[in-house]
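The values are calculated or read from the model by the stated rules, or taken from the named source; none is laboratory data. This is a predicted model, so every value here is computed, not measured. Here the Cβ positions follow ideal geometry from the backbone for every residue, glycine too, while neighbour counts run over all protein chains shown.
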Amino acid sequence: MDQLKEQLVKIKPYAFWIVCVVILFGSLGIWYMATGKLSEERAAGRQKIDTAFNGLQTIRPKLAKHPNPGTNAEMIKLTMAYGEEIARGWDLQYRRQEGVLVWPASFDQDFHDAVKDLRPIERVPIKATDIKMTIPESLRRRYRDFIADELPRLATTIGGRWQASRDAATPGGEFGPGASAPGPTRYGPDGRALEEVDRSMVLWNPANQQELLMGHFGFTARAGDPTTLDVLYAQEDLWVLQNLMEIIKRTNEGYEGRHDAAVKQIEFVRIGRSALGQAGKVMMIGGGDPNSSGGGEFRGGPGPGMPPAPGTPPAPGAPAAPGAPPVNPATDPNFNVADPCNWRYVDKNNVPLAGFQLRAAIAPPTPGAPAAAPNPESALLAVAKRMPVRLRLEIDQRRLNKLLTEFGNAPLPVEVRQLRFNRDPAGVGDPAQFFAAAGGSYGVGGSEVGGNYGFNNTPRFTEGGPGPGGQFNGNLTRDATVDTSLIKLELYGIVYIYNPVNREKLGLPTAAGGATAMAIPPATGVGG
């Protein structure tokens, strides 16, 4: 220890330099270790960057498909091409109907020239002042006389009788060409008149014929001349009615008479506003528990997923009834009570439309005004008008498939949305029903079978019932004159009436705007 103290005394004068050397080498050591660590991190980072960069090189050939200005330009081209395809299909549908919705050939060229540019009808103002938008008075008068003679042909098409009269007080007073007018009254030995035997293929309720005559062609009974819109909408109604009669005719083809015909009776045919609303709703045939799926008596309660009864508040989180209420005539300033287009057509949710809604959808753009953004709902209304139809028929249920096939294959196809069997008939359409609360039923589609009938129209409960000892005491036979294959069928459907292509509604340029009009080949097998 003494020797160490002696050495320290000797080096004490050099302590400063010794400390400096120690600090220097210490700093060098620290710097060396730090730079080595940084070098490792730098190398690792560089390798990561190089790996990522090399990975990007693999997608360079596909770089044009990533979002960029070039991509936007290509997307616009694809959108326009898709729009052109939609316009092509739309135009094809319109051209097909153009060969069906043909004005009668009995009119001369003057009449055809007067009406050829009046489609869609909603282009014609309610009070038109432009001579190009009006049908001359003499031609309108000629049409009134034509339609009065043409309506009875609806009945003769199906082998029936037309018994409606322009004089509502005397139904059955008019019969058109080809109709089966009653012959001379015959009397029996007792002096009482013998009942006439109606040999029609299809019996058509005269009250419904009168309803159609006065509700859709009432101008035939008025002293004044029909308006331009009266003529245009009446002809559209006639086209739809002729289409429905042809469907029934084709369904009955090959049968000799009413005894073996598929469709035997027409209780009513309603189109437009009188056909509004889908009656009833699909109900479950269940057991004691209305929410169970077991067999047994029909309880009438809604099953899982079924719409609630009218007035029932919706469950929390439950979706609202499809379709918004229609325009309220009392509060909407755009509503015009004089517009005959009101409530004739429905939207995609089967809610009736006011006339101004359709007129706005097909209106051409205002010159000089900025182009409005495409509106899907407006475009949908501009493509085609959806006219509701409702029929109640007595039909042999074994030939129901034939009837439905004819509805789909008709020149004006009918999209069947609801079938009802052996139920009370739906009332005449009333737009006011759509102002009800959302708790009401707007059931879409499906068949409704309930009450005391099964799917084959056989009673659920046989008369008589079990007697003492559990033995059945009822009558097991039936009247041989009763045809158990007959059912009362009520059908609700939609007829699409296509308008000419409106390229503005699809957001497409028009030929007038400098773009090239698309070339569409004529539809084969379709007149125009």
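Results for (1) among the basic types (Lys, Arg); (2) surrounded by 10 or more Cβ atoms within 10 Å (Cβ to Cβ); (3) without any contact (Cβ under 8 Å) to a residue 40 or more places away in the chain, shown as yes or no for each residue.
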| position | (1), (2), (3) |
| --- | --- |
| Lys12 | yes, yes, yes |
| Ala15 | no, yes, yes |
| Leu24 | no, yes, yes |
| Thr35 | no, yes, yes |
| Thr58 | no, no, yes |
Worksheet item: If the Cβ limit is 8 Å and pairs must be 6+ apart or interchain, which residue in segment 107-131 that is within 22 Å of Tyr498 (Cβ to Cβ) pairs with which residue that is aromatic (Phe, Trp, Tyr)?
Response: His112/Trp103; Val115/Trp103; Ile121/Tyr233
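Of these, Gln209, Gln265, which one is touching a Phe, Trp or Tyr at 6+ places or on another chain (Cβ under 9 Å), at negative phi and surrounded by fewer than 22 Cβ atoms within 10 Å (Cβ to Cβ)? Steps first, answer last, please.
Numbers: Gln209 fails: surrounded by fewer than 22 Cβ atoms within 10 Å (Cβ to Cβ).
Within the list Gln209, Gln265, the selection yields Gln265.
So which of Gly70, Gly83 ends up being more than 23 Å from Pro340 (Cα to Cα) and touching a Gly at 6+ places or on another chain (Cβ under 8 Å)? So that I can check it myself, show each step before the final result.
Working: Gly70 fails: touching a Gly at 6+ places or on another chain (Cβ under 8 Å).
Unique residue meeting the criteria: Gly83.
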Worksheet, complete the sentence: Taking segment 218-236 and the residues there that are over 16 Å from Ser138 (Cα atoms) and either hydrophobic (A, V, I, L, M, F, W, C) or touching a strand residue (DSSP E or B) at 6+ places or on another chain (Cβ under 6 Å) (or both), the one that is surrounded by the most Cβ atoms within 10 Å (Cβ to Cβ) would be Ala234
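Which residue out of Leu391, Leu412 is in contact with a helix residue (DSSP H, G or I) (Cβ under 8 Å, 6 or more places away or on another chain), closer than 29 Å to Pro206 by Cα and at pLDDT 95 or above?
Values: Leu412 fails: at pLDDT 95 or above.
The unique qualifying residue is Leu391.
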Fill in: Residues of segment 249-274 that turn out to be under 28 Å from the mean Cα position of the chain (by Cα) and outside any loop (DSSP other than H, G, I, E, B), as a count
14
Practice prompt. Please determine, by comparing only the residues of segment 350-379 that are modelled with pLDDT of 85 or more and outside any loop (DSSP other than H, G, I, E, B), which one is surrounded by the most Cβ atoms within 10 Å (Cβ to Cβ).
Written response: Pro352
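Which ones in segment 66-106 are of a type in the set (D, E, K, R) and within 22 Å of Pro500 (Cβ to Cβ)?
Across segment 66-106, the qualifying residues are Glu84, Glu85, Arg88, Asp91, Arg95, Arg96, Glu98.
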Worksheet item: Does segment 333-349 hold any residues that are buried (at least 21 other Cβ atoms within 10 Å of the Cβ) and in a loop (DSSP other than H, G, I, E, B), and which are they?
Response: Cys341, Asn342, Trp343, Arg344, Tyr345
Worksheet item: Out of all the residues in segment 460-503, which are modelled with pLDDT of 80 or more and over 30 Å from Val269 (Cβ atoms)?
Response: Val501, Asn502, Arg503
Discussion item. All but one of (1) under 28 Å from the mean Cα position of the chain (by Cα); (2) in contact (Cβ under 8 Å) with a residue 40 or more places away in the chain; (3) within 25 Å of Glu137 (Cα to Cα) hold for Glu246; state the number of the condition that does not hold.
Written reply: (3)
